[in-house]
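Written out below as structure tokens is the structure these notes cover.
Throughout, read-outs are computed from the coordinates displayed, never taken from laboratory work. Keep in mind it's a predicted model, so treat the numbers as computed, not measured. Because the Cβ atoms are built from the backbone with ideal geometry, glycine has one as well, and the counts that use them run over all protein chains shown.
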Amino acid sequence: MTHEKYIACSQAARKLIKADLVLKNASIVNVFTDRVEKGDIAIKDGTVVGIGEYEGEEELDVSGKYVTPGFINAHLHLESTMVNPQVMIAEAAKHGTTTFIVDPHEAANVSGCDGIDYLLDQTENCPANVCFMIASCVPATPIDDNGVKLMAKDMKCYADNPRILGLGEVMDTRSVIDGDLDMYDKFVLFAGKVKDGHAPGLNMEDLSAYALAGVTTDHEGTSFDYVMKERAMGIVCLIREGSAARNLEAIVKGIVENNVSTEGFCFCTDDRHIEDTIREGDIDNCVRKAVSMGINPIAAVKMATIQPARCYGLRRTGAVAPGYDADLVVWDSLRNFNAELVLLKGKRIDEKLGIDPRPCPPHLLDTVHLADIDPEKLVIKPGSSPFPVIRMIPGEILTERVDMVLPVDESSGIFVPNKEISKIACFERHHRTGKIGVGAVTGFGIQRGAIASSVSHDSHNIIAIGDNDRDIMLAVRELERTHGGYTVVDHGTVYDTLELPIMGLISDRDREYVSSKVRIMTAKAHEMGVPAEMEPFVTLSFMGLPVIPEIRCIPRGVYSVTEERLLT
């Protein structure tokens, strides 16, 4: 705060001059006293200057309404929304989220620093506080086949950027635990800053070494017992409620049943479709659900405001108090949490929702580079022995290994998918290596066709599931034609495709187009046998991620995450 601004704010606080804006008769959620307090909120030059009785150049009566700090999304990937970042930010802001902690590792794994710079550039003038964590694992593990490799030296240009808060989710846990020098250099580069974790299912000894390295947070806890092990080590739990991974219910249930303090918990969305944000909301959805399950409303608000602000060192964010930015939300109640007014630095956010995407560099529109595909590489001849099958779990991105005897054609011995067991294939798409990993999955249920995606965490190769090779090949070639996206193939015909030409991750079309396509294609996938409770495309996108237990399909073959080895 400059001296001139302080003088003006001090005078407004002391009622020597009028405030710019006063919210009159507010019911204020005080995150310091854990009370709802009545009063006027005085705002000057975008800052809260006082609570009490004030006059303003502009006054809004909010009698009967509740005012909280703007909500903070503690961890998300803008790329997963599939729309221009400005579109997603604007939509979430309508739901009361005013601060976003973004991890750009999806773009980084495809296009390196150019991908990170694209997201920084697109969000520079958004109607929100958009902060970043720099992608730490590009690629996610040494066995990945991604687009670009980033070392500590490549990240130095970001270390002093005021929008960069620290090191993004460190998913290569083995490199951390074993003290890999390249990873150590990244930790040193961001010494004193937040280091986000990504630590599903570690044993206590490995988790201890991981915490010892200085990891601050983790959003991969899927059970109450596991997150409490992390909390015991001082790791902040980011409770995730995304499109495919929905962990809030299990964790909050444990918090309520065990009467656990919510102090070390925050909320995040991680990977979430724009369609889900439109339909359900953003962090307001998390708060609403937590309150409905028994979390005290003020505690839930703190999990969405002051707690993530403190975790990430946002000193002027997260409270309705003098000296804090006037990022405020007026709600109808502390149960429904319907946002009636959202302010950013004291300005109505709906006045700042002009969406003006900046041009995309041409080379980011040409990132799907497939080799010629040999159909023979899709053939599986499993013999009579059990084959390591990926079992998909609705509502989770975790998988389980199930050894099963695959159905085969009696004359050729070739695996023939059926209603229970589908074929999965992952095609390297960055460097035309021709690598294709092929396996089997159960729990997806697709029949008479295939779906494919160039969104395939975190290396973002093309991944497909189907019940026949012809349709899998057609789906992959369709995504080559569109430079990335989602597609559904039914009986040898492309049913529909959502084009994602920006790095194979993001659409260059408007929100309505993307939402409509996702809606139509999701319904079609369910009609083709995918379980109604499963989000088909987001779930598929995680089947090639070799840092989430238990088993995955990558371009090199079927991979056991727990054993850290290829199975096929």
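Placing unit charges on C-beta atoms (Lys and Arg positive, Asp and Glu negative, everything else neutral), compute the dipole magnitude of the chain about its Cα centre in debye, rounded to 20.
Using Cβ point charges on Lys, Arg, Asp and Glu, the chain gives about 840 debye.
What number does segment 364-566 give for Rg over Rh if you use C-alpha atoms and the Kirkwood radius?
0.94
Going by Cα centres, segment 494-520 and segment 225-281 are how many Å apart?
28
Give the order of 494, 31 when sorted by the count of other beta carbons within 10 angstrom, beginning with the fewest.
Fewest to most other Cβ atoms nearby, the residues stand as 494, 31.
What percent do you get for the relative contact order of the chain when only Cα pairs under 8 Å and 6+ apart count?
14
Only loop residues by DSSP count here, and only those with at most 12 other Cβ atoms within 10 Å; note down the GluC sites (Glu not before Pro) in segment 1-96 that meet that.
Here the GluC sites (Glu not before Pro) that fit, given the DSSP loop and packing criteria, are 53.
Using every alpha carbon pair in segment 383-478, what percent of pairs falls into each 5 Å bin from 0 up to the bin containing the largest distance?
For segment 383-478, the pair-distance distribution reads 2, 14, 21, 26, 20, 12, 5, 1.
Starting from the alpha-carbon convex hull of segment 500-568, give the projected area averaged over all orientations, in nm².
Over all viewing directions, segment 500-568 projects a mean Cα-hull area of 6.1 nm².
So what is the 222 nm mean residue ellipticity for the chain from helices alone, if each DSSP H run of at least 4 adds -39500 (n - 2.57) and you divide by all residues, rounding to the nearest 500 deg cm²/dmol?
-7500 deg cm²/dmol
Straight-line reach from residue 186: which aspartates and glutamates fall under 17 Å, measuring Cα to Cα and dropping same-chain residues less than 8 apart?
103, 154, 160, 169, 172, 178, 196
Within segment 364-566, what percent of beta bridges assigned by DSSP are antiparallel, to the nearest 5?
About 95 percent, rounded to the nearest 5.
5 Å is the cut-off here: which amide hydrogens, built 1.01 Å from N in the peptide plane, fall below it relative to residue 65, excluding neighbours closer than 5 in sequence?
Sorted by chain and number, the residues that satisfy this are 27.
How large is the Kirkwood hydrodynamic radius of segment 296-423, in angstrom, based on all distinct alpha carbon pairs?
21.5
Rounded to a whole number of µm²/s, how large is the Stokes-Einstein D of segment 68-353 at 10 °C and 1.306 mPa s, given Rh as the Kirkwood radius over C-alpha pairs?
Answer from the Stokes-Einstein relation: 84 µm²/s.
In cubic angstrom, how much convex hull volume per residue do the alpha carbon atoms of segment 262-356 span?
130
For residue 513 and residue 333 in one chain, what is 0.36 nm times their gap in residues minus the Cα-Cα distance, to one decimal in nm?
61.5 nm
Provide the percentage of antiparallel DSSP beta bridges, counting only those with both residues in the chain; round to the nearest 5.
Expressed as a percentage, antiparallel bridges in the chain total about 65.
Ranked highest first by average number of other Cβ atoms within 10 Å, how do 376-389, 539-552 line up?
In descending order of packing, they fall as 539-552, 376-389.
Can you give the Rg and Dmax of segment 5-117 based on its C-alpha atoms, in angstrom?
18.8, 55
If amide hydrogens are placed 1.01 Å from N in the peptide plane, which non-local residues have theirs closer than 5 Å to the one on residue 59?
Counting only residues 5 or more places away or on other chains, the set is 22.
What's the exposure ranking of 14, 481, going from fewest to most Cβ atoms within 10 Å?
14, 481
Report, for segment 68-353, the % of DSSP beta bridges that are antiparallel, rounded to 5.
Expressed as a percentage, antiparallel bridges in segment 68-353 total about 30.
Straight-line reach from residue 44: which lysines have a Cα under 22 Å away, not including same-chain ones fewer than 8 places off?
5, 15, 18, 24, 65, 345, 347, 352
Per 10 Å bin from zero, what fraction in whole % of the C-alpha pairs of the chain is there, up to the bin with the longest pair?
Once binned at 10 Å, the Cα pair distances of the chain give 4, 18, 27, 25, 16, 7, 3, 1, 0, 0.
Can you sort 217, 497 by how many other beta carbons sit within 10 Å, fewest first?
497, 217
Put +1 on the Cβ of every Lys and Arg and -1 on every Asp and Glu Cβ in the chain; which of 436, 393, 78 then has its Cα farthest towards the positive end of the dipole?
Selected residue: 78.
Can you list the residues, at least 5 places off or on another chain, whose amide H is less than 5 Å from the amide H of residue 219, using H built in the peptide plane?
For residue 219, the qualifying residues are 197, 199, 238.
Pick out, from 126, 549, 380, the residue whose Cα sits farthest towards the positive end of the charge dipole of the chain, with +1 on the Cβ of Lys and Arg and -1 on the Cβ of Asp and Glu.
126
Taking the Cα atoms of segment 40-196, report the difference between the largest and smallest coordinate on each principal axis, in whole Å and largest first.
Here the spans come out as 61, 33, 25 Å, largest first.
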